[in-house]
Amino acid sequence: MNLEQIYKEHGAYLHGHFLLSSGNHSEYYLQSAKILEYPLLAGELASNLNKIIADAGVEYDSVCSPALGGILAGYELARAGKKRSIFTERVDGAMTLRRGFEVKKGERFIVCEDVITTGGSALESAKIIESLGGVVVGFAALASRGFCKMHGSDKPAKEGAKLPSDKPFFALGEFDFEIYEPSKCPLCATGSKAIKPGSRGN
């Protein structure tokens with residue numbers, strides 16, 4: 001499975017000047033919604049991701065995803081693994097578990113996103129699960145932006161990666177794009193203005 005080709009074929013591999021959720025800038029952006037709008041493709045990707053997790057010997061009971069971008073990826077992963085799917089969401093800027101979702105003591109979770117960059121949102125969801133007595137056994141995403149160490153990869157985590165090193169991070173592929181602080185962004189230096197195409201912007 002060529003993940004880069006799939007993103008490009010579905011118009012999900014964007015080139016331009018983008019403002020990321022972290023506040024940094026990048027010349028490239030992965031718009032996974034353009035892939036997840038096709039349920040059969042989403043299901044195929046999730047089945048492959050579930051197989052990677054199973055082959056690693058990691059067992060889980062449920063999937064939790066940060067809203068909004070992670071919901072569909074997490075739902076499809078749960079479907080592939082015949083598990084339960086819940087999601088966290090931000091209320092006044094704080095990650096929260098709502099809508100009657102519950103976490104059982106000792107329940108094993110995979111925290112799943114569509115794309116993980118530094119892993120900040122995934123880690124916030126993990127902390128919610130753990131505060132309610134659940135156990136996070138790993139993290140997963142369709143794609144990694146190359147910051148966090150991926151299971152099976154020899155590449156170390158980069159500075160700024162937030163996922164814990166004692167839990168595996170599973171992904172179908174890695175996209176190692178340059179990311180710039182706004183004050184050091186070469187695209188800004190040309191007069192270009194960053195746009196925010198993700199779920200927290202437009």
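The values are calculated or read from the model by the stated rules, or taken from the named source; none is laboratory data. Just so we're clear, the structure is a prediction, and the values are computed from it rather than from any experiment. Backbone-built Cβ (ideal geometry, glycine too); neighbour counts: all protein chains shown. Please note that ligands, DNA and RNA were not included when accessible areas were found on the heavy atoms of the full protein model with its side chains. Shrake-Rupley method; radii C 1.70, N 1.55, O 1.52, S 1.80 Å.
Only the Cβ atoms of Lys and Arg (+1) and of Asp and Glu (-1) were treated as charged; on that basis the dipole of the chain about its Cα centre amounts to roughly 440 debye. Surface calculation, 1.4 Å probe, protein heavy atoms: Val103 sits at approximately 20 Å² accessible. Each 5 Å bin from 0 upward holds the following percent of the Cα-Cα pairs of region 1-121: 2, 10, 18, 22, 19, 15, 9, 4, 0, 0.
Note on region 87-202: with neighbouring protein chains present and a 1.4 Å probe, carbon and sulfur make up 50 percent of its accessible heavy-atom surface.
Relative to the dominant Cα principal axis of the chain, helix 120-131 is inclined by about 20°. Counting only protein heavy atoms and a 1.4 Å probe, the chain has 51 square angstrom of accessible area per residue. Placing unit charges on the Cβ atoms only, positive for Lys and Arg and negative for Asp and Glu, gives region 79-155 a dipole magnitude near 320 debye about its Cα centre.
Its DSSP H runs of at least 4 residues, each contributing -39,500 (n - 2.57), put the calculated 222 nm mean residue ellipticity of the chain at -7500 deg cm²/dmol, to the nearest 500.
The spacing between region 1-44 and region 63-131, judged by their C-alpha centroids, is 20 Å. Between the amide H of Ser65 and those of Ile86, Phe87, Thr88, Cys112, distances stay under 5 Å, these residues lying 5 or more places away or on another chain, with hydrogens modeled in the peptide plane. Projecting the Cα atoms of Cys188, Gly100, Ser65 onto the dipole axis of region 54-202, where Lys and Arg carry +1 and Asp and Glu carry -1 at the beta carbon, places Gly100 farthest toward the positive end. Across every direction, the projection of the convex hull enclosing the Cα atoms of region 122-170 has a mean area of 3.5 nm². Sequence-ordered 3J(HN,Hα) estimates for region 95-101 from the Karplus curve with 6.51, -1.76 and 1.60 and θ = phi - 60° stand at 5, 9, 9, 10, 6, x, 5 Hz, glycine and proline given as x.
The charge dipole of region 104-202, taken about its Cα centre with unit charges on the Cβ of Lys, Arg, Asp and Glu (plus for the first two, minus for the last two), comes to roughly 240 debye. Computing Rg and Dmax of the Cα atoms in Å directly from the structure and comparing it against (1) 16.4, 53; (2) 17.5, 54; (3) 19.5, 71 singles out (1).
Comparing His25, Asn48, Ile35 along the charge dipole axis of region 1-73, the residue lying farthest to the positive side is His25, per the Cβ-charge model.
Among the cysteines of the chain, Cys64, Cys112, Cys148 have no other cysteine beta carbon within less than 4.7 Å of their own.
Dimensions of region 82-202 based on its C-alpha atoms, expressed as ranges along the principal axes with the largest first, amount to 53, 38, 24 Å.
For region 39-99, the Cα-based Rg and Dmax, in that order, read 12.5, 39 Å. Ignoring solvent entirely, what values of log10 I(q)/I(0) come out of the Debye formula for region 62-140 at 0.14, 0.17, 0.24 Å⁻¹ when each Cα is a single scatterer? For the requested q values the scattering log ratios are -0.36, -0.54, -1.14. Each DSSP beta bridge with both residues in region 1-100 is either parallel or antiparallel, and the antiparallel ones are about 65%.
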